[in-house]
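Colleague: Have a look at this one.
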Amino acid sequence: MTALDERAAAAVRDRIAATAAAVDRERSFPAASLAALGEQGLLGLTVPAEHGGAGGGLSALAEAGETVGGACASTGMTFLMHAVTAATVAGGGGPRAAALLRELADGERIGTLAFSERGTGAHFHAPELRVERDGDGRLRISGRKSFVTSGGHAGLYLVLVQSDDGGGLDCYAVDGGADGIAFEGSWEGIGMAGNSSVAMVLDGVAVSEEDRIGVHGAGGALVFDVVAPFFLVGLAAVNVGIAAAAQAAATEHAKRRSYADGSTLAEVQSIQHALADIDLTVRQARLLVRDAAALGDAGDPGALVAIMAAKVAATEAARDVTQQALEICGGQGCTPALPIERHLRDARAGAVMAPTNGVLRSWIGKALAGLPVP
Ligand SMILES: Cc1cc2nc3c(=O)[nH]c(=O)nc-3n(C[C@H](O)[C@H](O)[C@H](O)COP(=O)(O)OP(=O)(O)OC[C@H]3O[C@@H](n4cnc5c(N)ncnc54)[C@H](O)[C@@H]3O)c2cc1C
């Protein structure tokens, strides 16, 4: 599957978009929207066909991420983390991979990544948490992960830790119901109000070699070879969707808003210029994301730089376009009477999600100069 078929697109439009304002207002986890995606087979988008999925790559995620993110950013974020989780399990492999992939494709489990930590912040690829052997020789993880999207709702958490023998990083599949797991707080952040990005506390959580995703000590390669391209393309696509949704709402408002003399907002030349600028920005971002995804799918050596640049461009496009859309709509744009203020809040987090745009600019510069990344 490389694209949303008609039925899936209709499900997104009719069910997900219809609940987006309520998800935002009530800050509720978008379980029904994820179920709607599951009914259309989209929870298996990045699961290989032999494990019951659609076998989609970066281009498929770019297309679906834009559609879902434009309909509801909270659903876009949770869907994105699920799709990245599935791609990571498929790319890394391991004794549990086949069973986990089938459950992710069926929507029996929602997947997510527990990588970030307070101590390492934007440098999510260098965790401080370590898996350690207890007195009985069992592997256990203790500590705190931060900003875990779908926290408390997901059934599978990929936890990135330092290896027990100090030989690199390991990624473990931890079940949502595992003993020793707790989730703290609720997502109070600006935008993506239903994404449930919360702290995950692990208290001696037992894992085994069977739970490992990927080769022992090779978690770092998994992060850069699989997690990064899928996450960056997916997040960029969700942000293109947010920008396009703000564009559609502002254009519609400009056409409908009329004054006492019968003229419309769309007839004001500065508004026309603003609409043109928005269109240009959205088109540029979409093309960059789709081009980067195609390069990644083709295994092009220039794909990494293109993918990093696409994330920077798309998240900054969403941030700028939603502000311009708000200004087009004036005071009404600042109220929930129009969806613009929601889109504006939803577009705030993209630039600071790791790898943050600041970090990516360094990495792009290093890659262009032939220096090792990171
Ligand atoms: C809505 C949301 C959902 C998220 N979901 C997940 C998830 O599911 N799983 C997960 O693991 N994490 C998730 N995260 C975490 C996210 O990816 C980042 O790890 C986190 O936002 C880092 O925040 P911080 O405040 O610790 O950043 P800090 O490390 O304090 O960085 C602050 C600023 O300094 C800049 N900076 C720091 N160091 C450098 C440097 N060396 N070069 C250039 N600039 C630098 C950064 O770019 C950033 O702008 C999520 C975050 C958000 C907001």
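The values are calculated or read from the model by the stated rules, or taken from the named source; none is laboratory data. Everything numeric in this text was worked out from a predicted model, so none of it was measured. Counting neighbours? That spans all protein chains shown, and the Cβs are built from the backbone with ideal geometry, glycine included. Ligands, DNA and RNA are stripped out before the accessible areas are found, and what is left, the full protein with its side chains, is counted by its heavy atoms. Shrake-Rupley method; radii C 1.70, N 1.55, O 1.52, S 1.80 Å.
Colleague: Pick from the stretch 337-361 the residues that are more than 14 Å from the ligand (Cβ to nearest atom) and of a type in the set (A, V, I, L, M, F, W, C): which of them is least open to solvent (accessible area, probe 1.4 Å)?
Modeller: Top of the filtered list is Ile340.
Colleague: For the stretch 113-138, give me each residue that is more than 25 Å from the chain's Cα centre (by Cα) and assigned to a strand (DSSP E or B).
Modeller: Filtering the stretch 113-138 for residues more than 25 Å from the chain's Cα centre (by Cα) gives 130-138.
Selection gives Arg130, Val131, Glu132, Arg133.
Colleague: Somewhere in the stretch 228-237, is a residue within 12 Å of the ligand (Cβ to nearest atom), modelled with pLDDT of 95 or more, in contact with a Pro (Cβ under 8 Å, 6 or more places away or on another chain) and not assigned by TED's automatic domain parsing to the domain that holds Gly350? Outline the logic, then answer.
Modeller: Taking the stretch 228-237 and keeping what is within 12 Å of the ligand (Cβ to nearest atom), we get 228, 231-232, 234-235.
Applying the additional criterion that residues be modelled with pLDDT of 95 or more yields 228, 231-232, 234-235.
From the residues that got through so far, the ones that are in contact with a Pro (Cβ under 8 Å, 6 or more places away or on another chain) too are 228, 232.
Narrowing the set further to residues that are not assigned by TED's automatic domain parsing to the domain that holds Gly350 leaves none.
Within the stretch 228-237 (the criterion being within 12 Å of the ligand (Cβ to nearest atom), modelled with pLDDT of 95 or more, in contact with a Pro (Cβ under 8 Å, 6 or more places away or on another chain) and not assigned by TED's automatic domain parsing to the domain that holds Gly350), the answer is no, since none of the residues qualifies.
Colleague: Next question, about the same structure. Got a number for residues in the stretch 287-302 being within 15 Å of Glu63 (Cβ to Cβ) and open to solvent by 70 Å² or more (accessible area, probe 1.4 Å)? Show your work before the answer.
Modeller: Restricting attention to the stretch 287-302, the residues satisfying the condition of being within 15 Å of Glu63 (Cβ to Cβ) are 287-294, 296-297.
After this cut, where a residue has to be open to solvent by 70 Å² or more (accessible area, probe 1.4 Å) as well, the list is 287-288, 290-291, 297.
Counting residues in the stretch 287-302 that are within 15 Å of Glu63 (Cβ to Cβ) and open to solvent by 70 Å² or more (accessible area, probe 1.4 Å) gives 5.
Colleague: Does any residue of the stretch 181-193 turn out to be at pLDDT 95 or above, closer than 26 Å to Ala99 by Cβ, surrounded by fewer than 20 Cβ atoms within 10 Å (Cβ to Cβ) and over 16 Å from the mean Cα position of the chain (by Cα)?
Modeller: yes
Colleague: Follow-up question, since we're still on this one. Considering each of Asp279, Asp300, Asp320, Asp291 in turn, give the residue that is in contact with a Ser or Thr (Cβ under 8 Å, 6 or more places away or on another chain), more than 16 Å from the ligand (Cβ to nearest atom) and not β-branched (Val, Ile, Thr). Reasoning before the result, please.
Modeller: Values: Asp279 fails: in contact with a Ser or Thr (Cβ under 8 Å, 6 or more places away or on another chain); Asp300 fails: in contact with a Ser or Thr (Cβ under 8 Å, 6 or more places away or on another chain); Asp291 fails: in contact with a Ser or Thr (Cβ under 8 Å, 6 or more places away or on another chain).
So the residue among Asp279, Asp300, Asp320, Asp291 that is in contact with a Ser or Thr (Cβ under 8 Å, 6 or more places away or on another chain), more than 16 Å from the ligand (Cβ to nearest atom) and not β-branched (Val, Ile, Thr) is Asp320.
Colleague: Sticking with this one: For the stretch 278-315, give me each residue that is under 15 Å from the mean Cα position of the chain (by Cα) and among the hydroxyl-bearing types (Ser, Thr, Tyr).
Modeller: Answer for the stretch 278-315, where residues must be under 15 Å from the mean Cα position of the chain (by Cα) and among the hydroxyl-bearing types (Ser, Thr, Tyr): just Thr315.
Colleague: Here's a follow-up. What tally of residues in the stretch 194-217 results from selecting those that are closer than 30 Å to Gly55 by Cα and surrounded by fewer than 19 Cβ atoms within 10 Å (Cβ to Cβ)?
Modeller: Number of matching residues: 6.
Colleague: Moving to a separate point now. Tally the residues that are hydroxyl-bearing (Ser, Thr, Tyr) and either closer than 20 Å to Arg342 by Cα or surrounded by fewer than 24 Cβ atoms within 10 Å (Cβ to Cβ) (or both), restricting the search to the stretch 46-70. Give the derivation first.
Modeller: Step one: filter the stretch 46-70 for residues hydroxyl-bearing (Ser, Thr, Tyr), giving 46, 59, 67.
Now restrict to residues that are either closer than 20 Å to Arg342 by Cα or surrounded by fewer than 24 Cβ atoms within 10 Å (Cβ to Cβ) (or both): 59, 67.
Residues in the stretch 46-70 being hydroxyl-bearing (Ser, Thr, Tyr) and either closer than 20 Å to Arg342 by Cα or surrounded by fewer than 24 Cβ atoms within 10 Å (Cβ to Cβ) (or both): 2 in total.
Colleague: Would you confirm whether or not the stretch 240-263 contains a residue that is over 30 Å from Ala22 (Cβ atoms), touching a Leu at 6+ places or on another chain (Cβ under 8 Å), of a type in the set (A, V, I, L, M, F, W, C) and surrounded by 19 or more Cβ atoms within 10 Å (Cβ to Cβ)?
Modeller: no
Colleague: Filter the stretch 115-154 for residues that are within 12 Å of the ligand (Cβ to nearest atom) and within 18 Å of Ala218 (Cβ to Cβ); which is surrounded by the most Cβ atoms within 10 Å (Cβ to Cβ)?
Modeller: Looking at the filtered set, the residue picked out is Phe115.
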